[in-house]
Amino acid sequence: MGVKRYDKILMKLNDLLLMNHEVEKIFSKIQYDDVDSSLKSFFKEKEIERSEFCTMLQNESKKLETKIDDSIMLNRRNHLTKLNLKKILRYDKDVDLFRQVNNVMQLSIYEYNEFLMEMNLPLSLCKLLIKQRDCIESSLHHITREAEAMRLA
């Protein structure tokens, strides 16, 4: 495997890590808003889950980083600090909570699917991405059912 392949995978892995960190902060913020207590516990669980995702993705990144030049990663980290995912993953109290959470989860699933299409992913990384994506999809189905139940109540 060449350096360029690892560089591309690391870029996408770091983007996914950054996105998960931002989503974790959004879920944390929602807990302090005026939402139902069962929803607060749901979002606390999702915040912890995303934190765990970040840890697992960082571990995968460390495995790959040993195989490429440190200067490449430093340049990528500098680029990533300029990204502002908050514009995409913005939670606004004035907008329907469920619609916003749905948007965030849909974006997460899309990003995972895009990464999974990358050729020659290490098997351990591929398995991790599938597991995390499936977990997000399950959460999306749960929040969709909650939203529907609230509309019917």
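The table that follows gives values for the structure above.
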quantity	calculated
Cβ pairs under 7 Å, 6+ apart, first in segment 35-57 and without any contact (Cβ under 8 Å) to a residue 24 or more places away in the chain, second of a type in the set (S, T, N, Q) and assigned to a helix (DSSP H, G or I)	Lys40/Gln31; Phe43/Gln31; Lys44/Gln31; Glu47/Ser28
Residues of segment 96-128 that turn out to be crowded, with 18+ Cβ neighbours inside 10 Å and within 11 Å of Val23 (Cβ to Cβ), as a count	5
For Ile68: the one exception among (1) farther than 18 Å from His141 by Cα; (2) modelled with pLDDT of 85 or more; (3) more than 11 Å from the chain's Cα centre (by Cα)	(2)
Condition broken by Arg90, with the remaining ones in (1) modelled with pLDDT of 55 or more; (2) touching a Leu at 6+ places or on another chain (Cβ under 7 Å); (3) surrounded by fewer than 16 Cβ atoms within 10 Å (Cβ to Cβ); (4) under 15 Å from Ile26 (Cβ atoms) satisfied	(2)
Meets criteria (aromatic (Phe, Trp, Tyr) and either loosely packed, with under 14 Cβ neighbours inside 10 Å or modelled with pLDDT under 70 (or both)) for Tyr32	yes
Selection within segment 39-57 - at pLDDT below 90 and touching a helix residue (DSSP H, G or I) at 6+ places or on another chain (Cβ under 8 Å)	Leu39, Lys40, Phe42, Phe43
Test: residue in segment 93-107 that is on the phi > 0 side of the Ramachandran plot, in a loop (DSSP other than H, G, I, E, B) and out of contact with any strand residue (DSSP E or B) (no Cβ under 7 Å at 6 or more places or on another chain)	no
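The values are calculated or read from the model by the stated rules, or taken from the named source; none is laboratory data. Remember, it's a predicted structure, so these values are computed and weren't measured experimentally. Cβ sites come from the backbone with ideal geometry, for glycine too, and all protein chains shown count toward neighbours.
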